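For reference, the structure discussed in these notes is given below.
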Amino acid sequence: MVKANKFIASALITLTFLFLSNLSYGQKFEWAIGIGGEGIDQSRSIAADDWGNLLVTGTYSLTVDFDPGPDSLNKSSNSGTDFYVAKYDAGGNILWVNALGGFGNDYGGIVQTDVFGNVYVIGSFQYTVDFDPGTNSFELTTNGSSDIFIAKYKANGNFLWAKNIGGITAESVSTSVLDAEGNIFIAGTFDDNIDFDPGPGTAKLWSSNSKGDVFFAKYDNNGNYIWAKSVGGSFSDYCYSMDVDASGNVYLTGGFWEWTDLDPGPGTAYFSGSISEIYIAKYDKNGSYLWAKSMGGSSIDIGNGISVDALGNLYITGLMNDTVDFDPGAGVANLISNGSFDIFLAKYDNYGNYLWANNFGGYYADQGLGICTDGEGKVYMIGHFDGAFIDFDPDSGYATISSHESQDAFVAHYDTDGNYIWVGAWGGAEWDLGNAITKDRFGNVYALGHFQDTVDFDFGDDTFKLAAIGVSDAYIAKYSGGLTEAYQSPISTGPLELIAYPNPSTERLFIETISMAQGLWRIEIIDVVGKKVYSESVFISNIFQHELDVSAYSSGIYFLTLDNNVERSIVKIVIQ
């Protein structure tokens with residue numbers, strides 16, 4: 001609930017607190033890089049692979065140098081706006097970039113990566129585009145004014161395939177996710193009709209009105225059509241984010257105007273609202289309706305991001321205005337915005353039942369845009385805010401940050417019960433946005449967005465400034481956020497328990513684990529920038545004990561991993 005008395009009290013804090021707009025707890029800045037040229041360059045989506053490498057997609061114009069180091073890797077757009085997909089290592093060094101486009105406006109909206117390191121890019125394009133960055137060509141031509149595309153590349157960036165989906169009008173794709181089997185899910189908005197089968201078959205869907213319906217569709221890892229569904233109502237309907245759980249169930253969030261039917265089958269699931277309502281909806285792996293919920297008030301409320309944790313709980317973020325009841329059931333959980341639009345963060349169980357919700361904001365427009373969760377159910381969200389003394393602690397404490405002269409970006413971290421852990425913000429004199437967030441398996445947090453003018457990306461005591469080259473530049477920023485919280489005890493991504501002691505260690509490190517599958521396992525030690533400093537293969541039979549000499553390593557934080565390509569356990573170690 002909003003704490004008006006807290007907000008007033010925070011304004012009485014001494015003037016020196018005004019300059020603590022980079023307030024932070026438990027996180028550490030690692031690095032930031034800018035991607036840009038003289039035009040408008042933006043980043044939209046980020047994904048981390050199992051090796052700690054980063055995949056990024058977005059749009060660019062004119063000429064951009066994608067190498068943040070002393071060398072250059074220039075790419076020039078063909079005409080209008082082109083899209084790119086780039087791969088960077090854990091230290092922010094460029095590995096490769098594919099810059100693609102034609103003579104229209106082409107957008108890279110979402111990037112995903114699978115367990116093999118293959119890269120999937122989803123977006124939209126106009127006219128004709130060659131999706132093969134190599135010496136060969138693979139051209140696709142739109143059916144109408146613009147089409148959706150799905151393209152797949154190898155881990156080294158080499159082209160595998162590309163498919164397009166579209167009708168006679170313009171379609172937009174806003175979100176995508178891969179399931180555990182590598183199937184591709186996409187969602188967005190369309191009107192009129194679309195054939196969702198990019199192959200020789202036909203799978204047409206028609207919208208319920210001319211303002212736009214929501215579609216969501218499933219394809220296999222070769223881009224072959226599996227199914228497509230649509231939902232909609234009397235006016236505009238949007239899907240801005242989706243996720244899948246371990247069983248392949250699909251979750252959507254977004255907004256609808258007036259009324260909508262969220263059951264794509266023969267049944268009905270009607271929801272109504274005054275202007276724009278938030279919805280969350282769950283469908284099974286075949287796209288069949290399971291349940292849906294809506295939340296809203298008398299103004300515009302939208303769900304921008306959704307993430308499902310390992311237990312099937314849902315976390316959503318977005319924007320809200322005025323008074324919103326976030327409990328879609330019989331209870332009441334009203335939140336009241338502080339100003340124009342507030343950021344919200346809400347949690348629901350696997351059946352859509354309300355668990356908790358909080359809002360954060362000031363006098364101007366603030367919103368959450370991206371969200372992700374870790375293996376412990378802790379949640380990270382990213383977005384932007386504008387104003388002074390915005391308190392990101394929903395309880396009795398204070399965690400206030402202030403923007404500079406316009407919109408600034410933020411990342412905030414909370415535990416599974418919504419309790420505050422830390423927040424950080426960055427910005428300058430112009431608009432600076434946080435668009436997407438992800439975590440790697442080592443606990444590092446990566447923020448993605450675009451910025452103008454000069455921005456300090458280190459929200460600790462030090463400074464690390466980047467200056468935009470053109471109108472706006474894209475950025476990637478890495479933070480070892482919440483490592484002390486996330487790794488203060490051994491964690492496991494599988495059923496095994498890995499114990500390392502003494503921890504901290506100076507010379508000898510002892511490893512013990514029990515209840516392990518017999519066979520060949522790999523021990524690795526990885527430093528905080530993702531560089532592998534030790535690797536050894538060992539044969540394990542049930543109980544395992546091992547000794548490592550760590551005396552030659554520099555003092556610092558490392559991650560010890562035990563992996564057999566089926567199960568993996570990770571524990572943080574400190575070497576002194």
Hits in region 151-188 - residues which are closer than 23 Å to Gly104 by Cα, surrounded by fewer than 24 Cβ atoms within 10 Å (Cβ to Cβ), hydrophobic (A, V, I, L, M, F, W, C) and out of contact with any Leu (no Cβ under 9 Å at 6 or more places or on another chain) | Phe159, Trp161, Ile168, Ala170
Please state which of the following conditions Lys532 fails to meet, knowing it meets all the rest: (1) at pLDDT below 80; (2) surrounded by fewer than 16 Cβ atoms within 10 Å (Cβ to Cβ); (3) over 21 Å from Ala90 (Cβ atoms).
-> (3)
Which of the residues belonging to region 48-61 are modelled with pLDDT under 95 and among the hydrophobic types (A, V, I, L, M, F, W, C)?
-> Trp51
Residues of region 166-190 satisfying the condition of being more than 27 Å from Ser307 (Cα to Cα) and assigned to a loop (DSSP other than H, G, I, E, B) | Gly167, Ile168, Thr169
Identity of the residue in region 220-239, in contact with an Asp or Glu (Cβ under 8 Å, 6 or more places away or on another chain) and not in a strand (DSSP E or B), that ends up surrounded by the fewest Cβ atoms within 10 Å (Cβ to Cβ) | Ser234
Across (1) surrounded by 22 or more Cβ atoms within 10 Å (Cβ to Cβ); (2) at pLDDT below 90; (3) not small (Gly, Ala, Ser), Asp461 clears everything bar (1)
Quick one: count up the residues across region 268-312 that are part of a strand (DSSP E or B) and not aliphatic (A, V, I, L, M).
-> 18
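Going through region 269-288 one residue at a time, which ones are under 25 Å from the mean Cα position of the chain (by Cα), over 18 Å from Ser241 (Cβ atoms) and surrounded by 16 or more Cβ atoms within 10 Å (Cβ to Cβ)?
Lys285
Only one of Ile280, Ile300, Ile275 is β-branched (Val, Ile, Thr), within 22 Å of Ile336 (Cβ to Cβ) and modelled with pLDDT of 95 or more; which?
Selected residue: Ile280, the only one of Ile280, Ile300, Ile275 that is β-branched (Val, Ile, Thr), within 22 Å of Ile336 (Cβ to Cβ) and modelled with pLDDT of 95 or more.
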Only residues that are within 22 Å of the chain's Cα centre (by Cα), more than 26 Å from Ser247 (Cβ to Cβ) and in a strand (DSSP E or B): list them for region 152-165, please.
-> Tyr153
Starting from region 163-180, take each residue that is of a type in the set (S, T, N, Q) and list its partners that are assigned to a loop (DSSP other than H, G, I, E, B), counting only C-beta distances under 6 angstrom and pairs at least six apart or across chains.
-> Thr169/Gly144; Thr169/Asp191; Thr169/Asp192
Residue match in region 91-107 (condition: surrounded by fewer than 24 Cβ atoms within 10 Å (Cβ to Cβ), touching a strand residue (DSSP E or B) at 6+ places or on another chain (Cβ under 6 Å), over 25 Å from Tyr240 (Cα atoms) and among the aromatic types (Phe, Trp, Tyr)) | yes
Hey, among the residues in region 535-576 that are among the hydroxyl-bearing types (Ser, Thr, Tyr) and assigned to a strand (DSSP E or B), which one's modelled with the highest pLDDT?
-> Ser535
Note down all Cβ pairs under 7 Å where the first residue falls in region 220-248 and is not assigned by TED's automatic domain parsing to the domain that holds Ile46, the second is at pLDDT 95 or above and of a type outside the set (Ser, Thr, Tyr), and they're at least six residues apart or on different chains.
-> none
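The values are calculated or read from the model by the stated rules, or taken from the named source; none is laboratory data. On a predicted model such as this, the values are computed, not experimentally measured, just so you know. Positions of Cβ are generated from backbone atoms using ideal geometry, with glycine treated the same way; all protein chains shown enter the neighbour counts.
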